[in-house]
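Notes to accompany the following structure.
Values quoted throughout were computed directly from the atomic coordinates according to the rules given, and no laboratory measurement underlies them. Only a predicted model underlies this, so the values are computations on that prediction, with no experimental measurement involved. A quick note on method: Cβ atoms are made from the backbone with ideal geometry, for glycine too, and the neighbour counts reach across all protein chains shown.
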Amino acid sequence: MSSKQANSTAVNSFNTNHSEYDVFRPSFTPILVDPFLVHLGLATYEPQGYKFDTSKKILEIAAGTGKFTQNLVDSGWKDTLTVLEPSSGMLETFNKKFPQIKNQILGSSYDISLDDDSVDAVIIAQGFHWFADLESLKEIQRVLKPNGKLGLIWNFDYVSYSQDSVKDKKTEYYNAGSQYYKSLDFKVDNNKKVFEEYFNKQPWNEVVTQYFYGFDVDVPQYRQN
Ligand SMILES: C[S@@+](CC[C@H](N)C(=O)[O-])C[C@H]1O[C@@H](n2cnc3c(N)ncnc32)[C@H](O)[C@@H]1O
């Protein structure tokens, strides 16, 4: 536990815009999330498809309105899932969407009201940039069982540079540097074509994106980490 508090800009802004957040922010494709869950020891890939081990206890920190939680719920998690979120507004929308998830904690990464060694995995989707510090990591380590896993995941905007290509700007599509992207099998060839032939050639895409990036000032931003 630490005396630090969640970033007040985060809590205040998410308290006021949680309904819009839920409508306009991206969700997470199972194509990427399912192998991510395998890496975290929460699923296995079987010949007939992914098999999810819902006996594994997950703590999702910064769950927000549950955009990532949707994937966990769709994969069968319920009572073994706990969500933690400092914005009461975000939790209000979360609760409307997932009343069946009873373990909802209003709190922050700095003081997680769970026992030591109590969860198999901690997942943070689109959120670690708000609290990427030693205090949070110590709390996360405290609640994780020995050999428990921490999984961090972000959705990148199409024109964002992926984390490993910030310097040389070699980005293609979304997060082209990720191991998951490289192993993706574009079964529907059209997806790739849409990226290559349409979005990549639309000047408005870059202009609009740069415009709204202009509002991203003085707060931690995953795009810049
Ligand atoms: C961009 S939202 C992501 C929400 C959701 N995981 C998603 O993927 O849509 C970031 C979330 O981090 C939460 N947050 C900010 N600081 C936090 C902290 N110190 N501990 C836990 N959550 C925090 C915010 O309240 C907000 O709901």
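Overview of results
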read-out: Net charge of Cβ neighbours under 10 Å - reference residue 148; Lys, Arg +1; Asp, Glu -1; value: +2
read-out: Local electrostatic count, residue 22, Cβ distance below 14 Å [Lys/Arg +1, Asp/Glu -1]; value: +1
read-out: Gain on full stretching of the segment that runs from residue 5 to residue 103 - 0.36 nm per residue minus C-alpha separation; value: 33.2 nm
read-out: Over 28 Å (Cα to Cα) - which of 78/145; 51/145; 67/138; 4/97; 96/138 fall in this group; value: 4/97; 96/138
read-out: Separation of the residue 133 and residue 150 label points, Cα + 7 Å toward Cβ, nm; value: 1.4
read-out: Separation in nanometres of the label points that stand 7 Å from Cα toward Cβ, at residue 55 and residue 16; value: 4.8
read-out: For the stretch 38-164, alpha-carbon Rg relative to the globular expectation (2.2 N^0.38 Å, N residues); value: 1.05
